[in-house]
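Let me begin by presenting the structure, written as structure tokens, before commenting on it.
The values are calculated or read from the model by the stated rules, or taken from the named source; none is laboratory data. What you see is a predicted model, and the numbers here were worked out from it, not measured in a lab. Cβ coordinates were reconstructed from backbone atoms using ideal geometry, including for glycine residues, and neighbour counts include every protein chain displayed. Heavy atoms of the whole protein, side chains included, go into the accessibility calculation; ligands, DNA and RNA do not. Shrake-Rupley method; radii C 1.70, N 1.55, O 1.52, S 1.80 Å.
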Amino acid sequence: MGDRIWWTLVGVLLIEWSIRIYGSVTTFPVTILAVVALGAWGLATVGVSWLPEPRWSRNSTLATLWVWVTALLVVGAFCLWSALQIHASPGYATDEIAFDQYAAVLANHGLNPYVHSMAPSFSMYRVPPDSFTYSLTGHAVTSLSYPALAFELYMPLLRLGWSAQMAVVVNLAAWAATIIGLFVLLPKRLRPAALVIGSLSTYVAYTVGGVTDVLYIPFLMIAAYQFNRFPTQRGWRRYIGPVMFGLAMAIKQTPWFLFPFLLGAIWLEARAARVRRPARQAALYGATALAAFATPNLPYAIWDLRAWASGVLTPFAHVVPAGQGVVGLSLFTRLGGGSLDAYSFLTLIVFLALLCAYLATYPAMRALTFLLPSVVLFFASRSFGSYLVELIPVAFVGAVTVHRTRETDELRPLPHWPRLVCIAAVVCLVSLAVALGSRQPLVVRVVGVRTTGQLATVEQLRVQVTNRSGGSLTPSFTVDEGGQLTTFWPVSAGPKTLAADHNATYTLRAPNFFAQPGIGGGFQVVAFTSGPDTVSTSSAYVPTTLHVGLTPDAVNQPVALGQSVVVHADLYDAIDQPVAEAGVPVYLGQVIYGEQGLILSEASINGRAPGQTPVVAYTNRQGQATFRIVGTQTTTNPVYFEANLVNNAQFYPYGYSEILPIRFATQ
């Protein structure tokens, strides 16, 4: 039954890949071949998995061939879909991948990337400003923030003359290697899980989107495979695991959190196997891993130790909090935030408590070994989704390939482990309560907005801020929309420093278009302070409560001059339910979008002078306003009509309808 379920999921995901790629067949007609092949193979896979007594686990040549062809089709579908995404949006979507490629360029020219600014990479690789990492004072982080192997992987390819989209393609190769590696390392009965995990939208989106965590996953998967065999294994193969682990640490900081857990596991496994001097086995594993970590990093550490250490420790410095972990309670519910240092302390406490619980209960928690860093980072002030999910394929390999022997099966937790675990849990809960109980020092309230009209974005804000902290604070402001912080908004009016128990009104202006939130959804203003490190947020501000829909929504035939076209504008709420409210003013505008720019049109709306725009009409009891449109002259281009509402208090337009083109012609 398990085989049927897994292979059914694989078949469905092949069809899903077919559907994803289908969106590009107009631009690239040849991709229809992949669409048809993937859909057919997916249906066949589902069908075969439902046949009586499926024999996927048998070692027949046909079954083996089918399984491997299916695996390669999944990898091929991922690569093809990713190539189409890169073509549609070629700019690098994260600063980390841009930093790494630019650092490789500098290193190839004999320059130390740890002492050079990475700022040129923003424009070089077209990184949008809302993808920058910002400090609490609003400055973009421009120093290389990762260990050396993160960019050294790119250096040989750059020397070969390949630069365009190179870093993203390396990401794709790393995820393809992850899928195949997972497929090979898992037991045969679980191999379909590799194809299911490899096709999940979160992973493929992170990979093509420039999240470089994927680079260390293949190394870490090899390290996780039967990781507990190290004390009893002989020969050079025993060093593969720690070397791969060290190389993973040399790419990014997330695997660093694994180090003490693995050393503890090796020590306990050596004790259970009655290996002489078990501490020596743990030390040997650790020394090998550190040597592998040091090999790519040592030249830069020798070159400038301070610059290298400052760079690799940047993610732990004063950067803005973000992510899907516990810190989200402070960012979106204003629960906590008065001390970001409390989150750092909480992360440390969770790390130490989890390590104690792990060692005390071993081997009960052995299967969780490679997942534990994700648990620790869930409580950090920066707990991005990539930190939480990227280790799951690695943890899967570690959990199902644990080497079991009679000695290790006889391992028992410490006699008083329940008491120790309870103490660790209580300490974590107290630390969590401290972090969430630290009141935000500023009360932030949006009191005014200025929009861009038909562009439907907010370009200026007025916020009222009250300092209730008991000390003077210097706030820096930004906007959060959909969990994404924008470039910090400069203050055009308002005090730089806000004294204790004082309030002030600040005028904030959007620094760029990327920072302007849409008026169609909600956003919040976020205020950071540095020294003390705090975050304060406003409640969600929703500029739009209603919107307008036009009937008819299309006029498909030319309308004769002088002939009336009746257009109804209906009020709708956020879920498109009609709103019966009388007396609401609805504004209908007209313009011609010509090839060379905007052209004034000459239609008459509700008997007004030709070309007058906008024209207002009021809703009746059913929430409907009526407009009668009459063409007064023919034009090469249609006239485009659009209705909107206006906020009564702040007078900004919102709730725009769809655009209705009407072409006027003589009879």
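General remarks:
- You will find that of Val127, Val105, the residue that is within 18 Å of Pro315 (Cβ to Cβ) and either of a type in the set (A, V, I, L, M) or open to solvent by 40 Å² or more (accessible area, probe 1.4 Å) (or both) is Val127 and no other.
- The number of residues in the range 501-522 that are part of a loop (DSSP other than H, G, I, E, B), among the small types (Gly, Ala, Ser) and out of contact with any strand residue (DSSP E or B) (no Cβ under 6 Å at 6 or more places or on another chain) comes to 3.
- Criterion applied to Ala205, Ala223 was being modelled with pLDDT of 95 or more, small (Gly, Ala, Ser) and either out of contact with any Cys (no Cβ under 8 Å at 6 or more places or on another chain) or closer than 21 Å to Gly76 by Cβ (or both), and the one residue passing it is Ala223.
- Test: residue in the range 148-164 that is of a type in the set (Gly, Ala, Ser), more than 21 Å from the chain's Cα centre (by Cα), within 21 Å of Leu313 (Cβ to Cβ) and open to solvent by 30 Å² or more (accessible area, probe 1.4 Å): no
- Flag if Ser538 is open to solvent by less than 50 Å² (accessible area, probe 1.4 Å), under 28 Å from Gly337 (Cβ atoms) and out of contact with any Pro (no Cβ under 7 Å at 6 or more places or on another chain): yes
- Pairs are defined by a Cβ separation below 6 Å, a sequence spacing of at least 6 or placement on different chains, a first member in the range 308-319 that is in contact (Cβ under 8 Å) with a residue 60 or more places away in the chain, and a second member that is open to solvent by less than 70 Å² (accessible area, probe 1.4 Å) and assigned to a helix (DSSP H, G or I); the pairs so defined are Trp308/Tyr114; Trp308/Tyr300; Trp308/Ala301; Gly311/Tyr114.
- Selection count, the range 108-155, where residues are closer than 30 Å to Pro532 by Cα, assigned to a loop (DSSP other than H, G, I, E, B) and of a type in the set (Ser, Thr, Tyr): 7
- Qualifying positions in the range 44-60 - modelled with pLDDT of 90 or more and in contact with a helix residue (DSSP H, G or I) (Cβ under 7 Å, 6 or more places away or on another chain): Thr45, Val46
- In the range 635-655, the residues that are aromatic (Phe, Trp, Tyr) and either open to solvent by less than 50 Å² (accessible area, probe 1.4 Å) or under 18 Å from Gly583 (Cα atoms) (or both): Phe641, Phe651, Tyr652, Tyr654
- Helices (runs of 4 or more DSSP H) wholly inside the range 207-305 containing at least 3 residues that are within 28 Å of Pro113 (Cβ to Cβ) and touching a helix residue (DSSP H, G or I) at 6+ places or on another chain (Cβ under 8 Å): 217-224, 240-249, 278-303
- Candidates Thr8, Thr26, Thr31 - the one that is surrounded by 17 or more Cβ atoms within 10 Å (Cβ to Cβ) and out of contact with any Leu (no Cβ under 9 Å at 6 or more places or on another chain): Thr8
- Verdict on Ser492 being of a type in the set (Ser, Thr, Tyr), open to solvent by 40 Å² or more (accessible area, probe 1.4 Å) and not in a strand (DSSP E or B): no
- Scan the range 234-256 for residues that are more than 12 Å from Tyr285 (Cα to Cα) and either modelled with pLDDT of 95 or more or open to solvent by less than 50 Å² (accessible area, probe 1.4 Å) (or both) and the total you get is 11.
- Top-ranked residue of the range 89-103 - restricted to ones that are free of Cβ contacts under 8 Å to residues at least 60 places away in the same chain and assigned to a helix (DSSP H, G or I), ranked as farthest from Met166 (Cα to Cα): Asp95
- Subset of the range 595-634 (residues that are open to solvent by less than 40 Å² (accessible area, probe 1.4 Å) and outside any strand (DSSP E or B)): Ser601, Ala603, Gly611, Thr619, Gly623, Gly631
- Selected residue (criterion: least open to solvent (accessible area, probe 1.4 Å)) from residues of the range 464-482 that are over 28 Å from the mean Cα position of the chain (by Cα) and within 16 Å of Thr507 (Cβ to Cβ): Val465
- For the range 306-335, the set of residues classified as closer than 20 Å to Ser539 by Cβ, in a helix (DSSP H, G or I) and either of a type in the set (Gly, Ala, Ser) or touching a Lys or Arg at 6+ places or on another chain (Cβ under 9 Å) (or both) consists of Val327, Gly328, Ser330, listed by residue number.
- With respect to being surrounded by 14 or more Cβ atoms within 10 Å (Cβ to Cβ) and either farther than 26 Å from Asn648 by Cα or modelled with pLDDT under 95 (or both), Leu498 fits the description.
- The single residue among Leu411, Leu355, Leu388, Leu368 that is part of a helix (DSSP H, G or I), in contact (Cβ under 8 Å) with a residue 24 or more places away in the chain, open to solvent by 10 Å² or more (accessible area, probe 1.4 Å) and over 30 Å from Asp533 (Cα atoms) turns out to be Leu368.
- Screening the range 272-296 for residues that are surrounded by fewer than 18 Cβ atoms within 10 Å (Cβ to Cβ) and not aliphatic (A, V, I, L, M) and picking the one that is nearest to the chain's Cα centre (by Cα) gives Thr295.
- Residue within the range 442-455 that is within 28 Å of the chain's Cα centre (by Cα), outside any loop (DSSP other than H, G, I, E, B) and of a type in the set (Gly, Ala, Ser) present: no
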